[in-house]
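The values are calculated or read from the model by the stated rules, or taken from the named source; none is laboratory data. This one's a predicted model, so the numbers in the text were calculated from it and none came from an experiment. Cβ coordinates were reconstructed from backbone atoms using ideal geometry, including for glycine residues, and neighbour counts include every protein chain displayed.
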């Protein structure tokens with residue numbers, strides 16, 4: 001009879017807490033609609049892997065289905081690469097081509113990554129350089145990049161890093177507005193920007209992903225899986241001869257891989273790995289990275305405005321769009337602009353900065369992958 005209740009006797013407080021974490025993620029996904037495609041499967045995966053005597057990970061020496069997914073999708077970086085192909089097929093670099101200056105906002109908004117890396121190596125955190133790099137990349141606001149880097153440098157921290165990255169991406173509408181309002185005046189938030197629409201040559205759209213991939217291959221070869229997959233997806237989109245394949249990548253591929261990625265990330269959230277002070281530190285520093293990223297972009301825009309004539313001033317809120325949360329950050333900034341002054345349309349500029357943030361996050365990830373092993377010895 002005791003065998004019937006063995007499951008109850010093997011559950012401790014840690015497992016109970018993880019059930020609550022899983023339920024909380026599912027609630028946020030359903031009730032608040034925060035990144036439901038990811039938070040729901042992550043939450044369910046967290047519950048599954050913490051069930052008593054769970055066979056979803058391993059049973060009698062044989063790998064369970066979640067471990068099979070983990071080994072076949074996360075451990076070998078397949079899922080992040082497939083996600084980047086889908087994201088590349090979704091991105092239109094047109095707004096960036098029409099306003100190339102926006103690329104600098106994509107660079108400025110990566111400040112939080114490197115600031116958080118430094119903080120994470122200092123007392124009382126004392127993370128190793130590779131662990132600190134994995135934590136800092138949360139600030140890229142790019143889940144696949146965070147997973148890819150963490151899997152390379154700190155596989156034992158993959159669970160909390162993934163949860164932090166995707167949770168804060170979902171909370172962009174709550175995180176960014178207070179930071180932007182704190183750093184800007186009402187007059188600055190009401191700045192209008194003229195958008196000059198122009199046709200982008202097809203040859204430029206087609207050649208761009210190829211050229212970027214080749215340059216990445218020579219400058220930072222280790223970043224090619226990230227850059228190459230994103231650019232391959234974009235080439236499918238812009239080629240004009242693979243319309244059905246482009247739509248498949250944007251929809252079916254994105255949905256299926258995101259589903260599998262989410263539940264697999266959840267399976268890495270076992271109680272013994274997740275419930276510790278290091279996890280709380282990672283969550284806190286991930287938030288710091290997001291805040292500093294936003295602040296870096298806004299402050300850079302304010303600095304640029306010092307040198308611009310009055311009729312060419314940039315709305316500093318655009319700087320906050322330099323993160324990789326595409327297109328959510330651009331929508332948040334446009335909503336703020338419209339709330340400050342009805343009719344103030346800065347969406348296309350915001351999208352240009354947001355697209356540059358997608359590129360910036362991958363470049364930052366590539367730099368980290370290339371330089372950290374050298375610095376760590």
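What the table shows:
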read-out	value
Answer residue from the stretch 282-299, given it is more than 27 Å from residue 314 (Cα to Cα) and touching a residue at least 24 places away in the same chain (Cβ under 8 Å) and is nearest to the chain's Cα centre (by Cα) among those	286
Number of the exception - residue 246 against (1) surrounded by fewer than 18 Cβ atoms within 10 Å (Cβ to Cβ); (2) at negative phi	(1)
Failed criterion for residue 200 (all others in (1) closer than 29 Å to residue 334 by Cα; (2) surrounded by fewer than 18 Cβ atoms within 10 Å (Cβ to Cβ); (3) modelled with pLDDT of 90 or more hold)	(3)
Helices (runs of 4 or more DSSP H) contained entirely in the stretch 129-188, each with at least 2 residues that are more than 19 Å from residue 41 (Cα to Cα) and modelled with pLDDT of 90 or more	129-136, 143-153, 172-183
Inter-residue pairs, beta-carbon under 8 Å, first within 21 Å of residue 314 (Cβ to Cβ) and in the stretch 170-187, second outside any helix (DSSP H, G or I), 6+ apart	172/141; 172/323; 172/325
Selection count, the stretch 295-343, where residues are at pLDDT below 90, closer than 15 Å to residue 111 by Cβ and surrounded by fewer than 22 Cβ atoms within 10 Å (Cβ to Cβ)	0
Hits in the stretch 128-145 (condition: touching a residue at least 60 places away in the same chain (Cβ under 8 Å) and either crowded, with 24+ Cβ neighbours inside 10 Å or within 17 Å of residue 274 (Cα to Cα) (or both))	133, 135, 136, 137, 138, 139, 140, 141, 142, 143, 144, 145
The one condition in (1) within 30 Å of residue 68 (Cα to Cα); (2) outside any helix (DSSP H, G or I) that residue 308 fails to fulfil	(1)
